[in-house]
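Input: a single structure, listed below in structure tokens.
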Amino acid sequence: MKVMKFGGSSVGSAEAIARVLELVARQQQEGNSLALVCSAMSGVTDGLLRMLAAAVAGQPVQEELNQLQNRHYAVVRELLEVKRHNPALLSLKIYFNELEALFAGIQALGEVSARTSDRVLSYGELCSNVLMAHLVDQQCGRGVFADARQLIKTNAQYGKALVNPGLSRQLIRSFFLQHAGSIPVITGFIAATEGGDTTTLGRGGSDYTAALIGAAIEAEEIQIWTDVDGFMTADPRLVKKAFSLDQLSYNEAIELSYFGAKVIYPPTMLPAIDKGIPIRIKNTFNPACAGTLIGPTSGTGGSLIRGISSIAEISLLNVQGSGMVGQAGFSGRLFSALARKEVNVVLITQASSEHSITFAIRPQDVAPARQAIEGEFEFELLSGKLDAPQLQEGCSIVAAVGENMKQARGLAGKLFSALGRSGVNIIAIAQGSSELNISLVIRQEDLRKALNSVHDSLFLSPVKTLHVFCCGTGTIG
Ligand code: ADP
Ligand code: ASP
Ligand code: MG
């Protein structure tokens, strides 16, 4: 069994969906049993979020809702045979009526809870997958629509819920037993609490759904079909010379995606590691390209640094003071206080004098982080043992990742000299003792320059241009 996950751009239009159906039909003809997981059509989740904000502000959303509905209806009319129109249009109409009622409620209240927001966002995946199930049934085999809320159970942490793996595994397995011989078409991204409330797995979470399904049924491969040729050495939108990698280890993929490589959602690797299932990233629009295989080992050959990724918007907070020197438990108190406020710390550096700790967080976490520090260290701040935390905004993180980096000397030097040559100032540095990752904090305005210079020096320096001249007299062949 193979799990094929198709992202938003792969199901974003009738033309793209027609390609997907061809790919599915081909796999089917080759004798593979399949399960599909699809995202919402491209831009739909962002559109629903925009409509939520408008509804809270009491603005009308009907026009955008109609456009969304028409986008789905257009696919029905273009790709489904006439006798299948009614059931498909009816399912979609029910979803759009429910959405309309939800938006009317939000407009009346002028506010939306995280719980209702997840409910609204779920319609993106519900609509695209109900559509895909009808199309797969018409063209590829017995397609069965599966609402992942019946299969994946989570806690009530709306927006980014935590999965109950044991219960979900059991539900997924019994669904597959019940529907043996068909092609389940499963909604990515969405799940539900045990009580039945809709939750979501975090933005980009359809990849994770595919991995949860794959692990539960012990699939032979989890395929992530997207709009680029695989996992690339850097974000192709920022680095024009980025190229796709043949192979990456699970750990490298986790590090690169955690530090911003959007091509795969970081938790996706965990269920796959658990069962040792390979993940293959493929391009729906260029299926002949082999793509990237993510498995237990890193690829051999090429640079020891496998990729560079970046988080564009980061704020740095520096906490320092004489009261910190040699104080056992200070970092513990600091990071526990941050955790209680649900601040996600992206990177930490500490000077060996123990006089200062600097950590990187997302800009939206600055206010809760300050509150956490002021609450926890009220006495130290008042008595002057600790200075007021210093904030540096407008920073970015660049991370260079490679499993085999630890075997090599001089890589960090190469990285720093590339940045030095380009005039990029490094504000903070962190390297874990696993030596899988070197992370640097730089000014946001230097990001593109930094990525390109590091990429050129790490990946393109072995490529040398040679000029060959032939000279002489007479017949030079
Ligand atoms: P999907 O909708 O198929 O899930 P995403 O937009 O979530 O696709 O992820 C694919 C995008 O990730 C690519 O179009 C590319 O712009 C971006 N991306 C960022 N970093 C990388 C990288 N290192 N390799 C490949 N793509 C990357
Ligand atoms: N549709 C969701 C999003 O845009 C989930 C996904 O695409 O993976 O975040
Ligand atoms: Mg994605």
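Structure data summary
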{"item": "Global geometry of the chain, whether rounded, prolate or oblate, following the gyration tensor of its Cα atoms and the 1.5 cut on a/c", "result": "oblate"}
{"item": "Rounded, prolate or oblate (a/c below 1.5 giving rounded, otherwise prolate when a/b exceeds b/c) for region 99-171 by Cα gyration tensor", "result": "oblate"}
{"item": "For the chain, calculated [θ]222 nm from helices alone, where every DSSP H run of n ≥ 4 adds -39500 (n - 2.57)", "result": "-12500 deg cm²/dmol"}
{"item": "Region 243-374, relative contact order in percent, only Cα pairs under 8 angstrom and at least six apart counted", "result": "23 percent"}
{"item": "Sorted peptide list for 257-269, 222-234, 140-152, criterion being average Cβ within 10 angstrom, highest first", "result": "222-234, 257-269, 140-152"}
{"item": "Efficiency of FRET from Cβ geometry, Ala290 and Leu167, R₀ 41 Å, rounded to 0.05", "result": "0.65"}
{"item": "Dipole magnitude (debye, nearest 20) for the chain, charges at Cβ of Lys, Arg, Asp, Glu", "result": "740 debye"}
{"item": "Computed FRET value (nearest 0.05) for Ala108 with Glu63, which takes r as the C-beta separation and R₀ as 25 Å", "result": "0.85"}
{"item": "Euclidean distance between Cα centres, region 323-368 to region 201-233, Å", "result": "33 Å"}
{"item": "Region 261-266 - phi-based ³J(HN,Hα) in whole Hz, Karplus 6.51/-1.76/1.60, Gly and Pro as x", "result": "6, 6, 4, 9, 7, x"}
{"item": "Pairs beyond 22 Å (Cα-Cα), from Lys2/Lys160; Lys2/Lys282; Lys241/Lys406; Lys5/Lys275; Lys93/Lys153", "result": "Lys2/Lys160; Lys241/Lys406; Lys93/Lys153"}
{"item": "Neighbour-limited loop hits for GluC sites (Glu not before Pro), region 324-394 (at most 12 other Cβ within 10 Å; DSSP other than H, G, I, E, B)", "result": "Glu342"}
{"item": "DSSP H segments from the chain that extend 30 Å or more along their own axis, Cα-based, with Kyte-Doolittle mean of -0.5 or above", "result": "85-109, 114-139"}
{"item": "Radius 13 Å from Cβ of Phe285, net charge of other residues (Lys, Arg +1; Asp, Glu -1)", "result": "-2"}
{"item": "For region 180-321, the spread of Cα positions along each principal axis, largest first, Å", "result": "52, 49, 27"}
{"item": "Amide hydrogen neighbours beyond the local backbone of Lys5, cut-off 5 Å, H modeled", "result": "Val37, Gln223, Ile224, Trp225"}
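Every read-out reported here was derived from the displayed coordinates using simple, explicitly stated rules and does not represent laboratory data. Since we're looking at a predicted model, the values are computed, not measured. Don't worry about glycine lacking a Cβ; one is built from the backbone with ideal geometry, like all the others, and counts go over all protein chains shown.
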